[in-house]
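Below: one structure, written as structure tokens.
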Amino acid sequence: MIEEEAARRARAELLRQREIEPYPAKSQYTHTITDYLAKFDQLMADQTVETVVGRIITLRKHGGLTFLTLEDGTGRIQLVLRKDGVGEETYQFFHATMDMGDFIQATGCAFLTKKEEKSLDVQHYKILAKTLLPMPEKWHGLSDVEVRYRQRYLDLLSNPSVRHIFKVRALIIKTIRQFLDERDFLEVETPVLQAIPGGANAAPFITHHNALDIDLYLRIAPELFLKRCVVGGLDRVYEIARCFRNEGIDHAHNPEFTQIEGYIAYRDYEQLMEMLEEMLKEVIRAVGLDPFQVPFQDYQLNFAERWERITFREAMLRYAALDIETITNREAAVQAAVKHGVPVEKNHGLGTIIDNLYKHLVRPKIIQPTFIYDYPAQLSPLAKKKADDPRYVEMFQLVYGGGEENMKSFSELNDPLDQEARFQEQQAAREAGDDEAQFADDDYVTALKHGLPPTAGFGIGIDRLTALLTNSSNIKEVILFPTLRPKSQE
């Protein structure tokens, strides 16, 4: 690597000796490569001189001919540099200074080779950027996972499948945004720095604002601010929100992640269930997948049929032979957890233990897309209780693929006195040592006292949805720059 860099530096210096800037400020071109190829036949017929730009990704010399493959962000084209076309000196200087990976601007005419390959006959070229380090494995692909994540730029350069993942990710966001905009949702922005982190049971990151001399938190969810918008008369709102949770890192979790969260007034969770199923099916079609057969891990998932709907209690009975209505206190929950080998920490409350029983015993057994709904009230302090059974809340989640979970939604709690009491319960849990219990937010309670109409809300993890629709087993595959341990600490 050191010798290769020294050789490339020498070639860059040779350019400077000829008063050729190896990193010029400007380039000029007529078409992207894809546009050029689309107009190729007409350009060839007219013998129009055109210019393309890109990176050299292959370079092969054959006597007085040099064949190059040039790539830009849209496609690839073959360039042919002929000694008798550009002259002996220019031809030799090209090989004395150019390397694979360099960026050039090439001008010439379209023609077909003997093998009928669309090509550009180079009449003139200009260096746009000189590379001092070689590309990974001579463009045969980058496979070292650690290097792939730490040097994502090399991963993107050498693995077209990785570039595809992030194009799919962008299309997912675009499709969801279009779906919501067409239904009169308003996209808004809410604070990332918050005095009180709320909207989820999660440990926050803490920072300090010097001018105000106060501690602030990176948001764990935009929920409470979005619902303040609904209180203020914005009946349909959503946000594409970057969120942060100071928790473990594994194949399904990254400390910072992206979710789309939205709220719609005068709807309940059952109505939202139908809307979100329709939206996800539209996303699946938009990224070019067959909704009947979405490959994910070892399964073929059928998103086309109406997804199964099963209550939380029914799921626990079906898959774990546990009736949560018999687990009414922490002692009973601990006994159930010990019996089934589910770990329990001293600071785990009743809701956390029930949630862990569900995560260990139920979720891994659900393969096809399934809505689990009507969760125990302890698991969601922000959801509205069921009118006919206040032990449960009007909440659902989508589960699929042997334990993957995404798309959380519920009818929002709009009773300020009930909300205040639940915040007090959460605060007591925090004081008892549960650092994932929610903070009490008095201002949010005040907002509710001004009136929140019947409202349904939802959150969808973009990272997990992208992992599903690109069949990626690790969340790091779908985050451009995932959080990693510094190499100095390894």
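The values are calculated or read from the model by the stated rules, or taken from the named source; none is laboratory data. As the structure is a computational prediction, the values presented were derived from the model and not from experiment. Note that we place each Cβ from the backbone using ideal geometry, even for glycine, and neighbour counts take in every protein chain shown.
Considering only residues in region 359-399 that are touching a Pro at 6+ places or on another chain (Cβ under 9 Å) and not hydrophobic (A, V, I, L, M, F, W, C), the one that is nearest to GLY199 (Cα to Cα) turns out to be LYS384. In region 207-228, the condition of being of a type in the set (Gly, Ala, Ser), free of Cβ contacts under 8 Å to residues at least 24 places away in the same chain and either assigned to a helix (DSSP H, G or I) or in the same structural domain as GLU88 (by TED's automatic domain parsing) (or both) is met by no residue.
Per-residue answers, yes or no, for (1) in the same structural domain as GLY75 (by TED's automatic domain parsing); (2) touching a helix residue (DSSP H, G or I) at 6+ places or on another chain (Cβ under 8 Å); (3) closer than 18 Å to LEU128 by Cα; (4) free of Cβ contacts under 8 Å to residues at least 40 places away in the same chain:
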{"site": "ARG9", "(1), (2), (3), (4)": "yes, no, yes, no"}
{"site": "TYR23", "(1), (2), (3), (4)": "yes, no, yes, no"}
{"site": "SER27", "(1), (2), (3), (4)": "yes, no, yes, no"}
{"site": "HIS31", "(1), (2), (3), (4)": "yes, no, yes, yes"}
{"site": "ALA38", "(1), (2), (3), (4)": "yes, no, no, yes"}
{"site": "GLN42", "(1), (2), (3), (4)": "yes, no, no, yes"}
{"site": "GLU50", "(1), (2), (3), (4)": "yes, yes, yes, no"}
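The residues of region 257-303 that are touching a helix residue (DSSP H, G or I) at 6+ places or on another chain (Cβ under 7 Å) and either assigned to a loop (DSSP other than H, G, I, E, B) or not assigned by TED's automatic domain parsing to the domain that holds ALA387 (or both), listed by number, are VAL287, LEU289, PRO291, PHE303. Considering the conditions (1) more than 20 Å from LEU112 (Cβ to Cβ); (2) assigned to a strand (DSSP E or B), GLY73 is excluded by exactly one of them, (2). For LEU133, the requirement of being farther than 21 Å from SER473 by Cβ, in contact (Cβ under 8 Å) with a residue 40 or more places away in the chain, surrounded by fewer than 16 Cβ atoms within 10 Å (Cβ to Cβ) and within 32 Å of the chain's Cα centre (by Cα) is met. For the criterion of being surrounded by 15 or more Cβ atoms within 10 Å (Cβ to Cβ), within 23 Å of LEU157 (Cβ to Cβ) and at pLDDT 95 or above, ILE104 passes.
Condition check ((1) at pLDDT below 95; (2) in contact with a Phe, Trp or Tyr (Cβ under 7 Å, 6 or more places away or on another chain)) across all residues:
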site: ILE249; (1), (2): yes, no
site: ILE284; (1), (2): no, yes
site: ASN302; (1), (2): no, yes
site: PHE312; (1), (2): no, yes
site: ALA315; (1), (2): no, no
site: ASN329; (1), (2): yes, no
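The C-beta contact set for region 280-291 (first residue closer than 19 Å to VAL399 by Cβ, second residue hydroxyl-bearing (Ser, Thr, Tyr) and part of a helix (DSSP H, G or I), distance under 6 angstrom, 6+ apart or interchain) comprises VAL283/THR175. Here THR352 meets each of (1) β-branched (Val, Ile, Thr); (2) outside the structural domain of GLN300 (by TED's automatic domain parsing); (3) in contact with a helix residue (DSSP H, G or I) (Cβ under 7 Å, 6 or more places away or on another chain) with one exception, condition (3). Scanning region 363-376 for residues being surrounded by fewer than 21 Cβ atoms within 10 Å (Cβ to Cβ) and more than 20 Å from GLN271 (Cα to Cα) gives a total of 5. Applying a threshold of 7 Å to beta carbon distances and a minimum spacing of six or more residues, or different chains, the list of pairs starting in region 72-96 at a residue that is in contact (Cβ under 8 Å) with a residue 60 or more places away in the chain and ending at one that is among the aliphatic types (A, V, I, L, M) reads ALA96/LEU14. Please determine, by comparing only the residues of region 387-403 that are buried (at least 18 other Cβ atoms within 10 Å of the Cβ) and not hydrophobic (A, V, I, L, M, F, W, C), which one is nearest to TYR269 (Cα to Cα). Result: GLU394. Which of the residues spanning region 319-350 are out of contact with any His (no Cβ under 9 Å at 6 or more places or on another chain), touching a residue at least 40 places away in the same chain (Cβ under 8 Å) and not in a loop (DSSP other than H, G, I, E, B)? Correct list: TYR319, ILE324, GLU325.
For region 172-185, the condition holds for at least one residue, the condition being that it is assigned to a helix (DSSP H, G or I), modelled with pLDDT of 95 or more, buried (at least 20 other Cβ atoms within 10 Å of the Cβ) and touching a Lys or Arg at 6+ places or on another chain (Cβ under 9 Å). Among the residues of region 437-490, those that are over 30 Å from ALA421 (Cβ atoms), of a type in the set (Val, Ile, Thr) and surrounded by 19 or more Cβ atoms within 10 Å (Cβ to Cβ) comprise ILE462, THR466, THR470, ILE475, VAL478, ILE479.
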